[in-house]
Amino acid sequence: MLTHNQVIHGDCTQVLRTLPDEFVDLVVTDPPYFVRYKDRLGRTIANDGDPGSVLGAFTDVYRVLKPNSFCISFYGWNSVAAFSNAWTAAGFRAVGHLVWHKSYASSRRFVSAHHEQAYLLAKGRPARPECPIADVQAWEYTGNRAHPTEKAVSILAPLVRAFSRPGDLVLDPFAGSGSSLVAAALSGRRYLGVELEAKYVEHAQRRLAGVARSRSARVA
């Protein structure tokens, strides 16, 4: 099986088991938050109501990561205990927390929600970056045109650059529309994505093909 520069259509809890040990340099991922999310167009997220179908993946995420490396995982604040338990059981330890400030409210319930968040998780004892990025970052809204919870490449690329090196392999087991993979490709990294829904696999592949054509044109 080709293990870089592709997007695999499948359930990551199954696909990850087929991958070799300790060959990924960085994981950047945005799994379902278990909130049964539905956007204004009625779109939903696969497995968003089933933590058991998602959290078990982190055992294999840990296994495929190289020693002394990082996993960056977005998460839902209301499921933080479930995520934390899964990360700890897999072997990760939290070494940082990242917050993106939004200029708009993504929801208004008990509070007006103006941020997204992710944990920086370590396998082993990775070296500290020479110039650590700020743990509060600016948010860019994508409009969620291709995916109901689409992240902007601009917020993911700094993570890729900060916690990996050129030529490294970046994995996203919940790849969605492929923004993390595009961020990796644009940063000179190899990428590997896994996505459950075929329509998003096809969209990510088109985006990545566009990146490849653009890079080839610049070289030519």
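Brief remarks on what is shown
- None of V211, V201, V170, V194 is part of a helix (DSSP H, G or I), within 16 Å of the chain's Cα centre (by Cα) and touching a residue at least 12 places away in the same chain (Cβ under 8 Å) except V201.
- Members of the stretch 173-191 found to be assigned to a strand (DSSP E or B) and either exposed (fewer than 12 other Cβ atoms within 10 Å of the Cβ) or not hydroxyl-bearing (S, T, Y) (or both), listed by number: R190
- Looking across the stretch 35-90, the residues that are modelled with pLDDT of 95 or more, among the polar types (S, T, N, Q) and touching a strand residue (DSSP E or B) at 6+ places or on another chain (Cβ under 6 Å) come down to S69, S73.
- Any chance A127 is part of a loop (DSSP other than H, G, I, E, B), under 26 Å from F58 (Cβ atoms) and either free of Cβ contacts under 8 Å to residues at least 40 places away in the same chain or of a type in the set (G, A, S) (or both): yes
- The stretch 56-76: number of residues that are in contact with a Ser or Thr (Cβ under 9 Å, 6 or more places away or on another chain) and within 21 Å of H147 (Cα to Cα): 4
- Pairs linking a residue in the stretch 68-83 that is closer than 15 Å to G56 by Cβ and in contact (Cβ under 8 Å) with a residue 40 or more places away in the chain to a residue that is surrounded by fewer than 22 Cβ atoms within 10 Å (Cβ to Cβ) and of a type in the set (S, T, N, Q), with Cβ atoms under 6 Å and 6 or more positions apart or on different chains, do not occur.
- Pick from the stretch 119-141, criterion acidic (D, E) and surrounded by 10 or more Cβ atoms within 10 Å (Cβ to Cβ), ranking: nearest to S103 (Cα to Cα): E140
- Residue selected from the stretch 1-54 under the condition among the hydroxyl-bearing types (S, T, Y) and not in a loop (DSSP other than H, G, I, E, B), by the criterion surrounded by the most Cβ atoms within 10 Å (Cβ to Cβ): T29
- Q205 out of contact with any helix residue (DSSP H, G or I) (no Cβ under 6 Å at 6 or more places or on another chain), over 24 Å from V64 (Cβ atoms) and surrounded by fewer than 22 Cβ atoms within 10 Å (Cβ to Cβ): no
- Conditions (1) surrounded by 12 or more Cβ atoms within 10 Å (Cβ to Cβ); (2) modelled with pLDDT under 95: number failed by I155: (2)
- Comparison of A185, A162, A146 shows that the only residue that is touching a residue at least 12 places away in the same chain (Cβ under 8 Å) and closer than 19 Å to C71 by Cβ is A162.
The values are calculated or read from the model by the stated rules, or taken from the named source; none is laboratory data. The shown structure was predicted, so the numbers you read here are calculated from the model rather than taken from an experiment. In this analysis, Cβ positions are derived from the backbone assuming ideal geometry, glycine residues included, and neighbour counts consider all displayed protein chains.
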